[in-house]
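Participant: Below: one structure in structure tokens.
The values are calculated or read from the model by the stated rules, or taken from the named source; none is laboratory data. Not measured: the values here are computed from a predicted model. A quick note on method: Cβ atoms are made from the backbone with ideal geometry, for glycine too, and the neighbour counts reach across all protein chains shown. Only protein heavy atoms, including side chains, enter the accessible area calculation; ligands, DNA and RNA are left aside. Shrake-Rupley method; radii C 1.70, N 1.55, O 1.52, S 1.80 Å.
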Amino acid sequence: MSARIFIDGQAGTTGLGIAQRLAADGGFTLVTLPEASRKNPEARAEAMNRADLTVLCLPDDAAREAVAIAPQNARILDASTAHRVAQGWVYGFAEMLPGQAEKIAGAARVANPGCYATGAIALLRPLTGLGLLAADAPLSINAVSGYSGGGKSMIGAHEAAGGPAFELYALGLKHKHLPEIMRYGGLTRAPVFVPSVGHFAQGMLVCVPLHLEQLAKPGSAAQLADAYADYYAGAENIAVQRGIWGANLDPEGLNDTDRLEIFICANEEAGQVVLVARLDNLGKGASGAAVQNIKLMLGLGA
């Protein structure tokens, strides 16, 4: 018997991506509602009750409202920002810590990570967790994403004739992913986070520049690469390039996959490194991570 999944907000980018992945897998049945009932609270609650798992692909306020009307026994995966640092919710980054996948598997409420946050936490958590970087270190995070994660207005602007080639945004330095980056990255001091959007549909690079002297323990860039490789040993969806990477990096290099890659770029003589995570913002950064969490929550592996 296939697992029953209700995607509340299936028409959006993430919801469509999840539906497509589940359809390709073949082991799932989607619980759907007629167009006229998609905003009806009673109909949505009934759909949640029929489903083995509900996935919320909604704006934050709507996601909170959906949780409020959900049956008590409903298991929920929320792809919005609403519950990523909320009490009682498990963070859905399975490779973040030993035992995290098991926590996701046993949880009734799981928050799917943000795309930028996935890259940043993948880079930061090993360093803070291993005591290689102080939690209050002054850090900056620079990132570029494809425009597909920016919502209808951004997608429309980039797909129109003469769309922007490149944009910095969230220049008020209060991006919505910062709280989860700090909590799950093991930081007590907010990093300066500068996201940007390129004129390509999907793909992402997240970069953390460091001086080696910022490390709490002396070490070389090559030793950092080895530390990442050891930390993520056995993680099916995360690959670490051992040694120092000196070639160009294409943000679209992992498009249409659910993987994440980590690179260490360095000028050893200057004592400088740039830590880089590459992922598909629609894959491991959104729908791919959601399907991984769905499978974990339903005991189907990942």
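Participant: For segment 96-119, how many residues are of a type outside the set (Gly, Ala, Ser) and open to solvent by 30 Å² or more (accessible area, probe 1.4 Å)?
Facilitator: Final tally of qualifying residues: 5.
Participant: Restricting attention to segment 115-134, does a residue exist that is in contact with an Asp or Glu (Cβ under 7 Å, 6 or more places away or on another chain), of a type in the set (Gly, Ala, Ser) and outside any strand (DSSP E or B)?
Facilitator: Kept after step one, since they are in contact with an Asp or Glu (Cβ under 7 Å, 6 or more places away or on another chain), are these residues of segment 115-134: 117.
Narrowing further to those that are of a type in the set (Gly, Ala, Ser): 117.
Of the ones still in play, those that are also outside any strand (DSSP E or B) are 117.
Yes, the conditions are met somewhere in segment 115-134.
Participant: Still on this structure, I have one more. Mind listing just one residue for me: the one in segment 1-37 that is closer than 20 Å to Gln72 by Cα and among the charged types (D, E, K, R) and, of those, surrounded by the most Cβ atoms within 10 Å (Cβ to Cβ)?
Facilitator: The qualifying residue surrounded by the most Cβ atoms within 10 Å (Cβ to Cβ) is Asp8.
Participant: Just to be sure before I move on: is Ala51 over 28 Å from Gln202 (Cα atoms), touching a helix residue (DSSP H, G or I) at 6+ places or on another chain (Cβ under 8 Å) and either open to solvent by less than 20 Å² (accessible area, probe 1.4 Å) or of a type in the set (Ser, Thr, Tyr) (or both) in the structure I sent?
Facilitator: Taking the combined requirement at face value, the residue does not satisfy it.
Participant: Which of the following residues is basic (Lys, Arg), under 28 Å from Glu236 (Cβ atoms) and open to solvent by 50 Å² or more (accessible area, probe 1.4 Å): Arg84, Arg75?
Facilitator: Arg75
Participant: Note down all Cβ pairs under 6 Å where the first residue falls in segment 81-104 and is aromatic (Phe, Trp, Tyr), the second is assigned to a loop (DSSP other than H, G, I, E, B) and buried (at least 22 other Cβ atoms within 10 Å of the Cβ), and they're at least six residues apart or on different chains.
Facilitator: Short answer, once both residue conditions are applied: Trp89/His83; Phe93/Pro113.
Participant: Which condition number in (1) within 26 Å of Leu300 (Cβ to Cβ); (2) among the hydrophobic types (A, V, I, L, M, F, W, C); (3) free of Cβ contacts under 8 Å to residues at least 60 places away in the same chain; (4) open to solvent by 30 Å² or more (accessible area, probe 1.4 Å) is the one that Ala63 fails?
Facilitator: Of the numbered conditions (1) within 26 Å of Leu300 (Cβ to Cβ); (2) among the hydrophobic types (A, V, I, L, M, F, W, C); (3) free of Cβ contacts under 8 Å to residues at least 60 places away in the same chain; (4) open to solvent by 30 Å² or more (accessible area, probe 1.4 Å), the odd one out for Ala63 is (4).
Participant: State which residue is least open to solvent (accessible area, probe 1.4 Å) when the search covers only segment 135-165 and only residues that are under 30 Å from Ala11 (Cβ atoms) and part of a loop (DSSP other than H, G, I, E, B). If you could, list the steps in order and put the result at the bottom.
Facilitator: In the first step, residues of segment 135-165 are kept if they are under 30 Å from Ala11 (Cβ atoms); the result is 143-165.
Pick out the ones that are also part of a loop (DSSP other than H, G, I, E, B) and you get 146, 160-165.
Values: Gly146: 3, Ala160: 50, Ala161: 105, Gly162: 83, Gly163: 21, Pro164: 41, Ala165: 79 Å².
Out of the qualifying residues, it is Gly146.
Participant: Could you list, ordered by first residue, the pairs with Cβ atoms under 9 Å in which the first is in segment 244-263 and part of a loop (DSSP other than H, G, I, E, B) and the second is open to solvent by 60 Å² or more (accessible area, probe 1.4 Å), at least 6 apart or interchain?
Facilitator: Close Cβ pairs (under 9 Å, with a partner that is open to solvent by 60 Å² or more (accessible area, probe 1.4 Å)) amount to Ile244/Glu268; Asp258/Arg21; Arg259/Glu236.
Participant: Could you tell me whether Gly129 is open to solvent by 20 Å² or more (accessible area, probe 1.4 Å), over 15 Å from Ser196 (Cα atoms) and of a type in the set (Gly, Ala, Ser)?
Facilitator: yes
Participant: So which of Ala190, Ala170, Ala135 is under 28 Å from Ala66 (Cβ atoms) and not charged (D, E, K, R)?
Facilitator: From the options Ala190, Ala170, Ala135, the qualifying one is Ala170.
Participant: Could I ask something else about it? If a residue counts only when it is surrounded by fewer than 18 Cβ atoms within 10 Å (Cβ to Cβ) and in contact (Cβ under 8 Å) with a residue 40 or more places away in the chain, which strands (runs of 3 or more DSSP E) contained entirely in segment 166-215 have at least 2 such residues?
Facilitator: 192-198, 204-211
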